[in-house]
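Participant: Mind having a look at this structure? Questions to follow.
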Amino acid sequence: QVQLVESGGGLVQPGGSLRLSCAASGTIYSINTMGWYRQAPGKQRELVAVISSSGSTNYADSVKDRFTISRDNAKNTVYLQMNSLKPEDTAVYYCNAGGPTSGSWGQGTQVTVSS
């Protein structure tokens, strides 16, 4: 399994943007599903967005039209562009490779949306 390291989190005002990066220790070319999940305090971890090896994407309804997931197989990196951020987007964001059941997880990066 690959090791994943997230970066790019931080404090941002409502309406602002952040771009998260997930760097893998090995090749992600053959990993079909790469994804971002998040967990807010007191809540269960939830899917934010996933992207397949062919580039097809799927988003949670709450982030559609605001977030964009992408992958660069040459750099073994997955990105999450987050625009129009809302306070309810505040959470720890985790990168996943290979699916939530048996795949690899990063350590998470904190995103806080607050004025």
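The values are calculated or read from the model by the stated rules, or taken from the named source; none is laboratory data. Remember, it's a predicted structure, so these values are computed and weren't measured experimentally. As a convention, Cβ positions derive from the backbone with ideal geometry for all residues, glycine included, and neighbour counts pool all protein chains shown. SASA here: full protein model, heavy atoms, side chains in, ligands and nucleic acids out. Shrake-Rupley method; radii C 1.70, N 1.55, O 1.52, S 1.80 Å.
Participant: Taking only Cα atoms and a 10 Å spring cutoff, compute GNM fluctuations for the chain and point out the largest among Val63, Val48, Val78.
Facilitator: Of Val63, Val48, Val78, the Gaussian network model singles out Val63 as fluctuating most.
Participant: Moving to a separate point now. In square nanometres and to one decimal, what's the mean projected area of the convex hull around the Cα atoms of region 58-115?
Facilitator: 4.8 nm²
Participant: Determine the distance separating the Cα centre of region 43-115 from the Cα centre of region 1-38; give it in Å without decimals.
Facilitator: Here the two parts' Cα centres lie 6 Å apart.
Participant: Okay, moving on. Provide the solvent-accessible area of Leu11, counting protein heavy atoms only and rolling a 1.4 Å probe, rounded to the nearest 10 Å².
Facilitator: Surface open to solvent at Leu11 totals about 130 Å².
Participant: If a/c stays under 1.5 just call it rounded; otherwise compare a/b with b/c (prolate if a/b is bigger, oblate if not). Do that for the chain, with a ≥ b ≥ c from the square roots of the Cα gyration tensor eigenvalues.
Facilitator: Judged from the Cα gyration tensor, the chain comes out prolate (a/c at least 1.5, a/b above b/c).
Participant: What percentage of the solvent-accessible surface of the chain, computed with a 1.4 Å probe over protein heavy atoms, is contributed by carbon and sulfur atoms?
Facilitator: 46 percent
Participant: Something else about it: Quick one: accessible surface of Ile69, probe radius 1.4 Å, all protein chains present, in square angstrom to the nearest 10.
Facilitator: Estimated to the nearest 10 Å², Ile69 gives 10 Å².
Participant: Taking only protein heavy atoms into account and a 1.4 Å probe, give the accessible area per residue of the chain in Å².
Facilitator: Ligands and nucleic acids excluded, the figure is 52 Å² per residue.
Participant: Let me ask something additional. Based on DSSP loop calls and a cut-off of at most 14 other Cβ atoms within 10 Å, the longest stretch of the chain free of exposed trypsin sites (Lys or Arg not before Pro) is what?
Facilitator: Longest run free of exposed loop sites: 1-42.
Participant: With the contact rule set at Cα under 8 Å and sequence spacing of 6 or more, what percent relative contact order holds for the chain?
Facilitator: Answer for the chain is 37 percent.
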